[in-house]
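The values are calculated or read from the model by the stated rules, or taken from the named source; none is laboratory data. Worth saying up front: this structure is predicted, and the values here are computed from it rather than measured. Glycine also receives a Cβ, built like all others from the backbone with ideal geometry; neighbour counts cover every protein chain displayed. Just the protein is used for accessible areas: all its heavy atoms, side chains included, with ligands, DNA and RNA removed. Shrake-Rupley method; radii C 1.70, N 1.55, O 1.52, S 1.80 Å.
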Amino acid sequence: MYSDQRFRALIEHSSDAISLLTPDGTVTYASPSTRRVTGYSAEELVGRNGFTLLHPEDLEHVRQQFTTLLDQPGHSITVEGRFRHADGTWRWVEATLTNLLDDPAVGAVVCNYHDITERKQGQERRRYSEERYRALVEQAGVGMFVTDLQGHFVEVNEVGCQLCGYSREALLTMHIRDLVPEEGQAGLPAALERLRAGGVKQSQWRMKCKDGSLLPVGTTANHLSTGHLLVIVRDISDRIHAEEERARLLVSEQAARAEADARAAELSATFEAMTEGVIVCDRAGEIRYTNPAYRSLVALEKDADPSLLLLDNRFEWLALRDMEGRPIPKEQIASQRVLRGERLSNTNSMDFMCRTRKGEDLTLNASGAPIRDATGQIVGGVVVFRDVTGRYRLEQQLRFNERKLRSLAESNILGMAVADLDGRIYDINDWFVHLLGYSKDELLSESFNWSQLVPQSNQEALERVMKTILSTGALLPSEGEYLRKDGSRVPVLAAGTLLDRERHLMLGVILDMSEQKAAERRKQEFLSMVSHELRTPLTSILGLIELALMQIDLRPRSLPPEAEVLLGQIEKLLKRADRQVEIETRLVEELLEVTRLELHTFELSLHPENLVTIVQETVANQQQAARTRHIELVLPPDELVPVIADAGRVGQVLTNYLANALKYAPVDQPVSVHLEVAGSSARVSVRDQGMGLTAEQQQRVWERFYQVAAPGHQGPDGGLGLGLAIAKAIVEQHQGQVGVESAPGQGSTFWFTLPLATGPIQA
Ligand code: ADP
C-alpha cells in the first residue's frame, strides 16, 4: 500500500492524467497532468461527472464496462473512447479503470488515461489505405496471387479464385505448381529462382483450373519487398479466341480466294471451249475479253490490231443492222443494252445482222447480262453471240414454203382439208367450205363426219380409200362425188396424202369437176346425137346397097357378056361397100352405146341364165365367123352355171374379148375360152398368144378411146378403142369384175367374173 505522499508523488509525475471517480462517475480528484490531456484544469474537472464529457457514440459502451467494474472490487479494465477537449475537439483517450472503492485509503474508481488520438488516427489511416488497396486488388479485374519465396500461396484475390476455380481457403493450402499443367512443370523451379533473384517475368501459358480445363493466361510475376512473390494473372482466352478467329478467317479467306481463282479458271476454260462467241466488256463498253469462237465468228485475224475492238471501231466495221436491214444505233447494240442493266435472254434476245472482218454477212443472235459488284453497281457485261445465219435462211425458206402453201389454200382453185381417218375435219379452206354449202363451223364441229359428204352408194369405196391411204401414205387422184348440204351432188377429183401417221391425219386436195363433167356430158350428148343421126342414113345406105345387090341378083339372064362383066364388078364393089357400111354401123353402135353408158341411159334386161349356154353360143358364132381359126372351149364339169344376167350383153362382152383375141393374135395360133366356177362367182377368160401388154397398157385398155399405139396392136378394121370400156361397164353393172393378165410377148388373158345366182334356175 502506498503512503499518501508517495501515491501523490507517483500520480503527479505520471505522464498519464489520473482522476478519481465516484460510482456514479463524478470526479473527486484530478491530477495536474489532467490539463495536458483534457485542457481543463484539475479544479475545473473536480465535481463534474466524467460521463458528460464522453462522445455520445462511446457513452453506452463505456458506461456498461464501468458498471460491470463496480461489482468487481480490486479489478481493472481498459477502455477507449472519445472525450471532449476543453478546446471543443474530440480526443481519443485510453483509460485504465481500477475499482478501489473498497480500499479505505482511496475509496474511489481510479482512472488513468492518456491521449491516444494520434495513434488512433494513424490506425485509421492505415485501415483506410488498406481498404483502398484491397478494393484495388479486388476490383483490378486481374487475378493476384501472392506466394512465399517457395511458391506456396499466401494470398489471392477474388478474381484469382474465379480464374482457377479454387476457393481462397483451398488455394492458401496449395503451391503454385498445382496450377501449372504438365508441360510447364519442368521449367517452374528455374522460373521461381529467377524471380527470387529479382527478375520480372512475363509469360503466356495455360493455367490448370480446378475442373481440369486449361485457361489461356498472361502473367506478370515479380519479387515483392515483403519477401513474397506476386503473380498477376490475366485471362487472355478472348484474345486467343480472337486470334484463332482471325487465323480461321484468314484460312477461309484464302480458301475463298482459291475457290474464286478456280471458278475464274473454270469460267475461262468454259468460254474457251464454247462454240458461241463470248465478249466481256467493262462499264464503258470496251471489250476486256473475247473467246476464240467470237474471234472466228467475226473473222478477226490472230494478230489483229487490238484497237479494232474498241467500241467506236468495232461499231464501224461490224455495220450492225436489224432484221429489216436498218442500221442499229450505237446505244442499241447488245453490249450497250446490257450495260444499261438489260438482260437479254430467250424471248428477249436480239437478232441482228453484221459484217465479219472478211466482209461476209452474218445473222447473229445475242443474249447477255450485266455484271454487278457486291453493291449491285453495274461494272461490266457479258454478251454471247450465236450464229443463226443458217437457221434464218431455213426459216425464210419455211416461211416462203408456207406462203406458197397458204396462197394455194387461199386461192379459189382447189379445196384443201385436213382430217383424220375417223372423219373429223380439223382445217378446211374457204373454197371447199363454199363448195359444200355448209358453214365452216359446221364442218369443223366435233359432231361432223367426213363420211356425211360421201353418197351412200360410195361408202364402201370411201373405206377402201382410207385403207389405201393408211397403207401407201397417199391417195392418187381419183374421181368421186360429194354431197352438198342441200343434198345435191358435186363431182370432184380428189387426192390425198398422210400427214401424220401416228394421229392418222391426212391432207386432202380436191378439184371441182362440175365444169368438166358438164362439158363431157355435152360432148356425150353431142356424140349421141351425131351417132343417132349417122345411124339413120347408114341404115338406109345399107338398105340401098342390099336393094342394089338384090336387083343385080334378080337381073335378066339374057344380058350381053360385057354387061355381065360390068354388073359383076358393080356387085363386088357393092359388097365391099356393104362391109364398110357394116363396120361403120358397128362403130356408130359402139359410140351410141358408150354415150349411153356415160349418160346412164344404158339399161340391162336381167334374167336367170345359164352362163354355159351363153358362152357356148357366143363361141359358136365367132367360130362361124372365123372358120379358119381354132377356138378352144373349156367348160366346167357342171353343165349349169346359174347367173342373173342380160344374156345379150354378156355375150357382147365375150364377143369383144374373142374378137380382140382373134384380131391381135397371129392367125396360126389358137385362142382358148375357159369357163370356171370359183367360190361364189363364175369366171370367163379368153387366152391368146399375141403380143401381150405392158402393165400400163393393161390398165389403160379399159379406158374409152384407148388403143395401144404399137405395131401388132392395130386391128385390120381400125376400131375406136371402145370395146373393152363397154365390156367393163356391162360387167360392172352385173356386179362383176374385169381384168387382164399379160406380159409383153407372152399373150394375154382377158377375163370377167359374174356372181353366181343363188336361187333355182332353168337350163
Ligand atoms: P378396139 O379393139 O376397137 O381398138 P378395144 O377396147 O376392144 O378397142 O381394145 C382397146 C385396145 O386394146 C385395142 O386397140 C388393142 O390395141 C388392145 N387390145 C385389146 N385386146 C387385145 C389383145 N387380146 N391383145 C393385144 N392387144 C389387145
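Taking the conditions exactly as written (under 14 Å from GLY143 (Cβ atoms) and open to solvent by 30 Å² or more (accessible area, probe 1.4 Å)), does GLY165 satisfy them or not? Yes, satisfied.
For the range 643-656, the candidate set comprises residues that are farther than 14 Å from GLN623 by Cβ and within 15 Å of the ligand (Cβ to nearest atom); within that set, the residue that is least open to solvent (accessible area, probe 1.4 Å) is VAL653.
Reported count of residues in the range 170-200, each being open to solvent by less than 50 Å² (accessible area, probe 1.4 Å) and β-branched (Val, Ile, Thr), is 2. For ARG35, indicate whether it is under 23 Å from ARG119 (Cβ atoms) and out of contact with any Cys (no Cβ under 6 Å at 6 or more places or on another chain). For ARG35, the condition - under 23 Å from ARG119 (Cβ atoms) and out of contact with any Cys (no Cβ under 6 Å at 6 or more places or on another chain) - is met.
Checking each residue in the range 707-724 for being modelled with pLDDT of 70 or more and near the ligand (Cβ under 6 Å from one of its atoms) picks out GLN707, VAL708, GLY719, LEU720, GLY721, LEU722, GLY723, LEU724.
Before we move on, is GLU589 over 21 Å from VAL650 (Cβ atoms) and surrounded by 14 or more Cβ atoms within 10 Å (Cβ to Cβ)? If you could, list the steps in order and put the result at the bottom.
Numbers: over 21 Å from VAL650 (Cβ atoms): no; surrounded by 14 or more Cβ atoms within 10 Å (Cβ to Cβ): yes.
No.
Every residue in the range 657-703 that is loosely packed, with under 15 Cβ neighbours inside 10 Å and within 9 Å of the ligand (Cβ to nearest atom), please. GLU703, the sole residue that qualifies.
Residues checked against (1) of a type in the set (A, V, I, L, M); (2) open to solvent by 60 Å² or more (accessible area, probe 1.4 Å); (3) closer than 30 Å to ASP688 by Cβ; (4) more than 60 Å from the chain's Cα centre (by Cα):
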{"residue": "GLU533", "(1), (2), (3), (4)": "no, yes, no, yes"}
{"residue": "LEU559", "(1), (2), (3), (4)": "yes, no, no, yes"}
{"residue": "LEU566", "(1), (2), (3), (4)": "yes, yes, no, yes"}
{"residue": "LYS572", "(1), (2), (3), (4)": "no, yes, no, yes"}
{"residue": "ARG579", "(1), (2), (3), (4)": "no, yes, yes, yes"}
{"residue": "THR595", "(1), (2), (3), (4)": "no, no, yes, yes"}
{"residue": "PRO608", "(1), (2), (3), (4)": "no, yes, no, yes"}
{"residue": "THR618", "(1), (2), (3), (4)": "no, no, yes, yes"}
{"residue": "PRO637", "(1), (2), (3), (4)": "no, yes, yes, yes"}
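Scanning the range 742-755 for residues that are within 11 Å of the ligand (Cβ to nearest atom) and either outside any loop (DSSP other than H, G, I, E, B) or among the β-branched types (Val, Ile, Thr) (or both) yields a total of 4.
Checked across the range 428-439, the condition of being closer than 30 Å to PRO327 by Cα, free of Cβ contacts under 8 Å to residues at least 24 places away in the same chain and open to solvent by less than 90 Å² (accessible area, probe 1.4 Å) holds for no residue.
Listed by position, the strands (runs of 3 or more DSSP E) contained in the range 169-264 that have at least 1 residues being free of Cβ contacts under 8 Å to residues at least 60 places away in the same chain are 201-208, 214-223.
Scanning the range 501-523 for residues that are in a strand (DSSP E or B) and open to solvent by 40 Å² or more (accessible area, probe 1.4 Å) turns up VAL509, LEU511, ASP512. Looking across the range 328-362 at every residue that is outside any loop (DSSP other than H, G, I, E, B) and surrounded by fewer than 11 Cβ atoms within 10 Å (Cβ to Cβ), the one that is nearest to the chain's Cα centre (by Cα) is identified as ASN346. Filtered by the rule that a residue be assigned to a helix (DSSP H, G or I) and hydroxyl-bearing (Ser, Thr, Tyr), the range 524-576 gives SER528, SER531, THR536, THR539, SER540.
From the residues in the range 735-763 that are of a type in the set (Val, Ile, Thr) and modelled with pLDDT under 95, which one is surrounded by the fewest Cβ atoms within 10 Å (Cβ to Cβ)? Please lay out each step first, then the result.
Step one: of the range 735-763, the residues of a type in the set (Val, Ile, Thr) are 738, 740, 749, 753, 758, 761.
Checking the rest, the ones that are also modelled with pLDDT under 95 come to 758, 761.
Numbers: THR758: 9, ILE761: 16.
Per the stated criteria, the residue is THR758.
The rows are residues; the columns are (1) over 60 Å from the mean Cα position of the chain (by Cα); (2) under 30 Å from ALA293 (Cβ atoms).
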| position | (1), (2) |
| --- | --- |
| ALA186 | yes, no |
| GLY199 | yes, no |
| LEU215 | no, no |
| LEU224 | yes, no |
| ALA242 | no, no |
| GLU259 | no, yes |
| GLU272 | no, yes |
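Does the range 229-236 contain at least one residue that is open to solvent by 30 Å² or more (accessible area, probe 1.4 Å) and either over 26 Å from TYR133 (Cβ atoms) or among the small types (Gly, Ala, Ser) (or both)? No, that holds for no residue.
The residues of the range 299-317 that are of a type in the set (A, V, I, L, M, F, W, C), open to solvent by less than 50 Å² (accessible area, probe 1.4 Å), under 19 Å from ASP361 (Cβ atoms) and without any contact (Cβ under 8 Å) to a residue 60 or more places away in the chain, listed by number, are LEU300, LEU308, TRP317.
Residues in the range 130-148 that are closer than 12 Å to LEU163 by Cβ, at pLDDT below 90 and not hydrophobic (A, V, I, L, M, F, W, C): 1 in all. For the range 7-51, filtered to residues that are surrounded by fewer than 14 Cβ atoms within 10 Å (Cβ to Cβ) and touching a helix residue (DSSP H, G or I) at 6+ places or on another chain (Cβ under 6 Å), the residue that is modelled with the highest pLDDT is PRO23. Scan the range 242-252 and give yes if some residue there is buried (at least 18 other Cβ atoms within 10 Å of the Cβ), at pLDDT below 90 and farther than 30 Å from GLU155 by Cβ, otherwise no. No, the range 242-252 has no match at all.
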